[in-house]
Amino acid sequence: MTSFYPTISIPKVEIHLVGRWSDAANLPIDIQEAINTGYQQAVNHYTERFSKTIIKAIRTGNPPQGSGVYWPPLAESTQKKYHKGPDSHFYITGIYSRSIRIRRTKRYTTVGLARGQASAGSRDRRSGKSIAEVARILEFGTGDGGNTTIPARPLWRATLQALGGKPAIKAEVMKYIRRALLAKGIRANQVRFS
């Protein structure tokens, strides 16, 4: 899948400890721990929200609320071939929604298709396409401009937009870092981020 990883850099931090010089000895360690803790908490919270929003959109067949995206209805031939129930663009077999995973490494946290599901060996029995291929087709459509066979039904980019994009991620990170600093005894009026 085409990647669009939003990255947030940790801001510069300025701390004011007027009259509390005894607290200054542990300050560098406390700040580092607070920033790391706050950052991880924010990332965990955001990725959970992101994955739940993706899965809900897949299961309901509706674009993420607040994304401003419209998904055209499925073609009649597709509905006849795959559907036994209500119209859902993504939930034809349920494989797509079940393969969404949060993956955490030392340096990154990502939301996407489970590794085995994204491989070419993991194919939908009905279409013969891998889940990654189905996801790409649904996200970007097929064809070239005016001659599109399958229209785009953006999900991943629309979810990022619905959740506020990069500014919302940054605000969430800042909120959790402030909370972690407060837990270390550093008040909000003593901290300035730039």
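Scanning the range 160-174 for residues that are in contact with a helix residue (DSSP H, G or I) (Cβ under 7 Å, 6 or more places away or on another chain), part of a helix (DSSP H, G or I) and of a type outside the set (Gly, Ala, Ser) gives ILE169, GLU172, VAL173. When ILE102 is tested against (1) at pLDDT 70 or above; (2) of a type in the set (A, V, I, L, M); (3) in contact with a helix residue (DSSP H, G or I) (Cβ under 7 Å, 6 or more places away or on another chain); (4) under 19 Å from THR142 (Cα atoms), exactly one condition is not met: (4). Please verify whether the range 77-88 includes one or more residues that are charged (D, E, K, R), at pLDDT 80 or above and open to solvent by 40 Å² or more (accessible area, probe 1.4 Å). For the range 77-88, residues charged (D, E, K, R), at pLDDT 80 or above and open to solvent by 40 Å² or more (accessible area, probe 1.4 Å): absent.
Looking at the range 150-159 only, could you name the residues that are under 20 Å from ILE102 (Cβ atoms) and either in a helix (DSSP H, G or I) or open to solvent by 30 Å² or more (accessible area, probe 1.4 Å) (or both)?
Selection gives TRP156, ARG157, ALA158, THR159.
Being over 21 Å from VAL43 (Cα atoms), at pLDDT 85 or above and of a type in the set (Lys, Arg) is a description that applies to ARG136.
The values are calculated or read from the model by the stated rules, or taken from the named source; none is laboratory data. Being a predicted model, the structure only gives us computed values, none of them experimental. Methodologically, a virtual Cβ is constructed for each residue, glycine included, from the backbone with ideal geometry; neighbour enumeration extends over all protein chains shown. Please note that ligands, DNA and RNA were not included when accessible areas were found on the heavy atoms of the full protein model with its side chains. Shrake-Rupley method; radii C 1.70, N 1.55, O 1.52, S 1.80 Å.
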